[in-house]
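*Asks:* Here it is, the structure in full.
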Amino acid sequence: PYIAGRKEETDAEFRQSYADKIFNRSSMMLESIRSAILNNVQGVRSVAPYENASHEVDAYGRPPHSIEIVVDGGNATEIAKQILEKKAGGINTYGEVEVSLSGQYDENITIRFNRPTTIYTWFRLGITLKKNETLPTNYVSLLRGVILENMESHEAGSDVVPQEFMTELYKACPGISYIDIGLFSTEDPAGQPDNYPDRICEITARQRAYTTKEMIEVEIDG
């Protein structure tokens with residue numbers, strides 16, 4: 001019976017399709033590493049994988065054809081085992097944390113990854129009340145809960161953009177007509193805000209934003 005075919009790819013089409021296949025395999029590898037670490041290593045709070053698939057050192061100092069896994073929490077050896085098991089052959093690992101593992105033939109294999117720098121992020125929520133409506137008595141706890149839940153899901157490299165969870169804040173606490181959020185961030189765990197100058201906190205690939213309920217201030221502005 002007749003079998004339908006397709007035209008032979010041009011050189012340009014072949015190069016593009018080959019690049020697409022490599023990209024797909026690469027994306028799957030990074031996601032496999034991330035999933036393996038999250039599922040198999042206790043105490044891990046965040047995993048952010050990155051790759052330099054080019055032939056040059058990239059802007060973050062990653063060597064050509066290498067991966068960088070930024071992991072918050074968890075045992076270093078267990079993390080390295082998951083990276084070794086899931087990474088593709090010929091792909092180098094990059095980072096300041098080095099773990100030596102035994103290979104299939106008892107050879108030493110060095111696996112590298114990074115730990116994120118903690119960026120302590122303070123919030124000030126200035127709320128304006130609706131007329132003829134009252135706030136729940138636990139409004140501070142409700143608003144803090146939304147911030148904490150959203151921040152818990154932020155991985156290394158994720159910017160803090162309060163606009164992304166404004167809808168949840170309004171839903172959580174009836175009686176509010178407007179919320180203004182200011183931010184203060186620092187690498188110093190003992191740092192204290194004098195003011196809240198930022199509306200967005202930009203986080204680099206090797207940083208992770210962190211907050212606690214004590215670092216979330218709620219005030220009624222009007």
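The values are calculated or read from the model by the stated rules, or taken from the named source; none is laboratory data. Keep in mind that this is a model prediction, so the values were computed, not measured. Methodologically, a virtual Cβ is constructed for each residue, glycine included, from the backbone with ideal geometry; neighbour enumeration extends over all protein chains shown. Accessible surface areas use protein heavy atoms only, side chains included; no ligands, DNA or RNA. Shrake-Rupley method; radii C 1.70, N 1.55, O 1.52, S 1.80 Å.
*Asks:* Scan segment 159-179 for residues that are surrounded by 17 or more Cβ atoms within 10 Å (Cβ to Cβ) and among the small types (G, A, S) and report the count.
*Replies:* 1
*Asks:* Going residue by residue through segment 71-93, is there one that turns out to be more than 30 Å from I181 (Cβ to Cβ), of a type in the set (S, T, N, Q) and part of a strand (DSSP E or B)?
*Replies:* The answer is yes, given that some residue of segment 71-93 is more than 30 Å from I181 (Cβ to Cβ), of a type in the set (S, T, N, Q) and part of a strand (DSSP E or B).
*Asks:* Are there any pairs with C-beta distances below 6 angstrom linking a residue in segment 196-222 that is under 17 Å from Q163 (Cα atoms) to a residue that is part of a loop (DSSP other than H, G, I, E, B) and among the charged types (D, E, K, R), with the two at least 6 apart or on different chains, and if so which?
*Replies:* E202/D159; I203/D159
For (1) open to solvent by 30 Å² or more (accessible area, probe 1.4 Å); (2) part of a strand (DSSP E or B), each residue gets a yes or a no:
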| residue | (1), (2) |
| --- | --- |
| Q104 | yes, no |
| I111 | no, yes |
| T118 | yes, yes |
| R124 | yes, yes |
| T128 | yes, yes |
| P136 | yes, no |
| L148 | yes, no |
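*Asks:* Output the residues belonging to segment 180-222 that are loosely packed, with under 11 Cβ neighbours inside 10 Å and either in contact with a Pro (Cβ under 8 Å, 6 or more places away or on another chain) or within 19 Å of H154 (Cβ to Cβ) (or both).
*Replies:* Those that are loosely packed, with under 11 Cβ neighbours inside 10 Å and either in contact with a Pro (Cβ under 8 Å, 6 or more places away or on another chain) or within 19 Å of H154 (Cβ to Cβ) (or both): E187, P189, E214.
*Asks:* Also, I was wondering about something else. Return the pairs, sorted by first residue and then second, in which the second residue is open to solvent by 50 Å² or more (accessible area, probe 1.4 Å) and of a type outside the set (S, T, N, Q), the first residue lies in segment 38-51 and is in a loop (DSSP other than H, G, I, E, B), the beta carbons are less than 7 Å apart, and the residues are 6+ apart or on different chains.
*Replies:* Going by the 7 Å Cβ cut-off, the qualifying pairs are V41/E78; V44/L38.
*Asks:* Hey, among E56, E78, which residue is closer than 24 Å to T110 by Cβ, open to solvent by 60 Å² or more (accessible area, probe 1.4 Å), at pLDDT 60 or above and touching a helix residue (DSSP H, G or I) at 6+ places or on another chain (Cβ under 9 Å)?
*Replies:* That would be E78, the only listed residue that is closer than 24 Å to T110 by Cβ, open to solvent by 60 Å² or more (accessible area, probe 1.4 Å), at pLDDT 60 or above and touching a helix residue (DSSP H, G or I) at 6+ places or on another chain (Cβ under 9 Å).
*Asks:* Now for a separate question. The conditions are (1) open to solvent by 30 Å² or more (accessible area, probe 1.4 Å); (2) farther than 30 Å from F165 by Cα; (3) more than 23 Å from the chain's Cα centre (by Cα), and E85 fails exactly one of them. Which is it?
*Replies:* (3)
*Asks:* Which of the numbered conditions does D194 fail, given that it passes all the others? Conditions: (1) part of a loop (DSSP other than H, G, I, E, B); (2) under 30 Å from L101 (Cβ atoms).
*Replies:* Only one criterion in (1) part of a loop (DSSP other than H, G, I, E, B); (2) under 30 Å from L101 (Cβ atoms) is unmet by D194, namely (2).
*Asks:* Among the residues of segment 161-187, write down those that are touching a Phe, Trp or Tyr at 6+ places or on another chain (Cβ under 9 Å), more than 16 Å from K213 (Cα to Cα) and of a type in the set (V, I, T).
*Replies:* Hits for segment 161-187 are I176, I179, T186.
*Asks:* With (1) among the β-branched types (V, I, T); (2) in a helix (DSSP H, G or I); (3) at pLDDT below 95; (4) under 30 Å from E149 (Cα atoms) as the list, and I22 as the residue in question, which single condition is left unmet?
*Replies:* (4)
*Asks:* Determine which member of the set T118, T93 is over 30 Å from Y196 (Cβ atoms) and either modelled with pLDDT of 95 or more or touching a helix residue (DSSP H, G or I) at 6+ places or on another chain (Cβ under 7 Å) (or both). Full working, then the answer.
*Replies:* Working: T118 fails: over 30 Å from Y196 (Cβ atoms).
After applying the criteria, what remains is T93.
*Asks:* Return the residues of segment 162-180 that are in contact with a strand residue (DSSP E or B) (Cβ under 8 Å, 6 or more places away or on another chain) and closer than 16 Å to I203 by Cβ; say none if nothing qualifies.
*Replies:* Of everything in segment 162-180, just one residue is in contact with a strand residue (DSSP E or B) (Cβ under 8 Å, 6 or more places away or on another chain) and closer than 16 Å to I203 by Cβ, namely P162.
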